[in-house]
Amino acid sequence: MSIDYASKIPNNVDLGSNKTLQRALEHWQPRYLDWWREMGPEGSLAHEVYLRTAISVDPKGWAHFDYVKMPDYRWGIFLTPPEEGRTHAFGTHKGQPVWNEVPGEYRTHLRRVIVTQGDTEPASVEQQRQLGAICPSLYDLRNLYQVNVEEGRHLWAMVYLLHAYFGRDGREEADEMLQRRSGDADKPRILGAFNEKTPDWLSFFMFTFLTDRDGKYQLAALAESGFDPLARSTRFMLTEEAHHLFVGESGIGRILQRTAEVMKELRTDDPAALRAAGVIDLPTIQRYLNFHFSVTLDLYGSEVSSNASIFYTSGLKGRFDETKIADDHVLTGSHYDLSVVEGGKLVTQSENALLTLNERLRDDYIVDCQAGVDRWNRILEKGGAAQRLQLPHKGFHRKIGSFAKTFVSPEGEVLTEKTWNERASAWLPSDADHAFVQSLMGRVAEPGKYAHWIAPPSRGIDQKPESFEYVRFA
Ligand SMILES: [Fe+2]
Ligand SMILES: [Fe+2]
């Protein structure tokens, strides 16, 4: 399973033995690079960035660090090694050997799953393309670029599956990945959260903490797939994803640390005083959290979904940690509890477990988010601040699913539309909040220097010292 870096497209799938596939991907490669030049990080083409590149698919120690110009990054195809004798872990094919070819009867569903995942990867690069111009440090700039090149590689992972297993329509789908654009009125990206703006670094860190974590949960569910090439692709993607989550969590953690320091110094929690002192007040951070959490929850889809049931039953997409769950992995006779609004109140409703798999994945995701928020709150506690951040109720500010037509406060009270409208500005970032956060976003690009509103990281990337030059500008 060693990676072949001698060929044009680095890979560990013996691409050279399939000339047709190799040619098709070599044909896609320059178009991918055109997309990167047009929609990748703005003004970055000649920068030398201290990036990690995969050298093996072993979860421990796969990374090699060096200066790379991003257009020269070795994007390629890396799958984890096949597991000997692997069988379907769930669904109607449970116990049968996994597939190495696309099962004809599930082809359309499988393609849809891959395209939907694949589309999110270039979308986030597009969303983040202007952040380099307002970076808070070289360390953060390097992390942004690392996330961006890896999202590019995730696109490669999905495009490989489309090319290798879906013939002509797979190739067409791969081309369309490079044609849609985040936020474009005519050709938007497929999912809502990937058409939102990421205009500042508070948004970026919230996005990587929350929306990349959705990525983790979707990939983890696909890593259970009975279509083995998909399982093996997503397993390696998960090892890259972990860094994106770290960037988000530590980014917000450092902002909280700085804000708590200034709160202590000035002995105030007054947002106006803290803003005047050049740090981001906690209520503003809470509103950003509310926004990004709610739009990310929508990515899981409707609570009750026949598609989710089909994906599971046919063995295409499992649950989070499927093989660690102690049940029959078929779920036809099982139930799952949903929260729904009924008669102006939140009530619990028991539903068929197969139909509610989206909700189950969303609930697993929320538990993981909560653990991260708890870690943030420990930073506030240590910093001597009395306030805490909290995840809003899952019914808050939703656009998809049963909560879409309801009005639920962050605390989980069911409101009338009128009351909601009166109070929503306290819960979601306002134009003034965005303008204030934007006003802090001056570019800091000297080695070892950090913007005032964010604390330095506790350690460098690849154990580099604080003054390390993570990005060399052209
Ligand atoms: Fe990704
Ligand atoms: Fe990611």
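Values computed for the structure shown
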{"read-out": "Selected residue [touching a helix residue (DSSP H, G or I) at 6+ places or on another chain (Cβ under 8 Å), in a strand (DSSP E or B) and not charged (D, E, K, R)] from Leu299, Leu245, Leu338, Leu238", "value": "Leu338"}
{"read-out": "Qualifying residue in region 235-255 (condition: over 21 Å from Lys317 (Cβ atoms), among the small types (Gly, Ala, Ser) and within 16 Å of ligand 1 (Cβ to nearest atom))", "value": "yes"}
{"read-out": "Residue in region 453-463 that is part of a loop (DSSP other than H, G, I, E, B), in contact (Cβ under 8 Å) with a residue 60 or more places away in the chain and within 18 Å of Pro271 (Cα to Cα) present", "value": "yes"}
{"read-out": "Unique match (being in contact (Cβ under 8 Å) with a residue 40 or more places away in the chain, within 16 Å of ligand 2 (Cβ to nearest atom) and among the β-branched types (Val, Ile, Thr)) among Thr120, Thr92", "value": "Thr120"}
{"read-out": "Some residue of region 269-281 being within 23 Å of Ile114 (Cβ to Cβ) and part of a loop (DSSP other than H, G, I, E, B)", "value": "no"}
{"read-out": "Top-ranked residue of region 347-356 - restricted to ones that are surrounded by 13 or more Cβ atoms within 10 Å (Cβ to Cβ) and not small (Gly, Ala, Ser), ranked as farthest from Glu413 (Cα to Cα)", "value": "Leu354"}
{"read-out": "Members of region 45-85 that are of a type in the set (Gly, Ala, Ser), surrounded by fewer than 18 Cβ atoms within 10 Å (Cβ to Cβ), modelled with pLDDT under 95 and under 30 Å from Ala445 (Cβ atoms)", "value": "Ala63"}
{"read-out": "Checking Leu138 against (1) out of contact with any His (no Cβ under 7 Å at 6 or more places or on another chain); (2) within 16 Å of ligand 2 (Cβ to nearest atom), the condition it does not meet", "value": "(2)"}
{"read-out": "Residue within region 150-161 that is surrounded by fewer than 17 Cβ atoms within 10 Å (Cβ to Cβ), out of contact with any strand residue (DSSP E or B) (no Cβ under 9 Å at 6 or more places or on another chain) and among the charged types (D, E, K, R) present", "value": "no"}
{"read-out": "Region 2-30, residues that are touching a Ser or Thr at 6+ places or on another chain (Cβ under 9 Å), over 16 Å from Thr53 (Cα atoms) and touching a residue at least 40 places away in the same chain (Cβ under 8 Å)", "value": "Leu15"}
{"read-out": "Of all residues making up region 225-234, the number that are assigned to a helix (DSSP H, G or I) and either of a type in the set (Asp, Glu) or away from ligand 1 (no atom under 11 Å from the Cβ) (or both)", "value": "6"}
{"read-out": "Some residue of region 405-418 being without any contact (Cβ under 8 Å) to a residue 60 or more places away in the chain and closer than 17 Å to Leu210 by Cα", "value": "no"}
{"read-out": "Region 110-143, residues that are part of a helix (DSSP H, G or I), more than 14 Å from ligand 1 (Cβ to nearest atom) and either small (Gly, Ala, Ser) or under 15 Å from the mean Cα position of the chain (by Cα) (or both)", "value": "Gly132, Ala133, Asn143"}
{"read-out": "Checklist (1) modelled with pLDDT of 95 or more; (2) away from ligand 1 (no atom under 15 Å from the Cβ) applied to Lys197, failing item", "value": "(1)"}
{"read-out": "Of all residues making up region 1-28, the number that are over 22 Å from Pro59 (Cα atoms), hydroxyl-bearing (Ser, Thr, Tyr) and assigned to a loop (DSSP other than H, G, I, E, B)", "value": "1"}
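Quick grid of which residues meet (1) surrounded by fewer than 12 Cβ atoms within 10 Å (Cβ to Cβ); (2) within 30 Å of His47 (Cβ to Cβ); (3) touching a helix residue (DSSP H, G or I) at 6+ places or on another chain (Cβ under 7 Å):
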| residue | (1), (2), (3) |
| --- | --- |
| Asn358 | no, no, yes |
| Arg362 | no, no, yes |
| Trp376 | no, no, yes |
| Gly401 | no, no, no |
| Gly412 | no, no, no |
| Arg423 | no, no, no |
| Ala445 | no, yes, yes |
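Okay, residues lined up against (1) on the phi < 0 side of the Ramachandran plot; (2) buried (at least 22 other Cβ atoms within 10 Å of the Cβ); (3) more than 12 Å from the chain's Cα centre (by Cα):
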| position | (1), (2), (3) |
| --- | --- |
| Ala223 | yes, yes, yes |
| Thr239 | yes, no, yes |
| Phe246 | yes, no, no |
| Gln257 | yes, no, yes |
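The values are calculated or read from the model by the stated rules, or taken from the named source; none is laboratory data. Just so it is clear, the model here is predicted, and its values are computed rather than measured. Neighbour counts run over all protein chains shown; Cβ positions are idealised from the backbone, glycine included.
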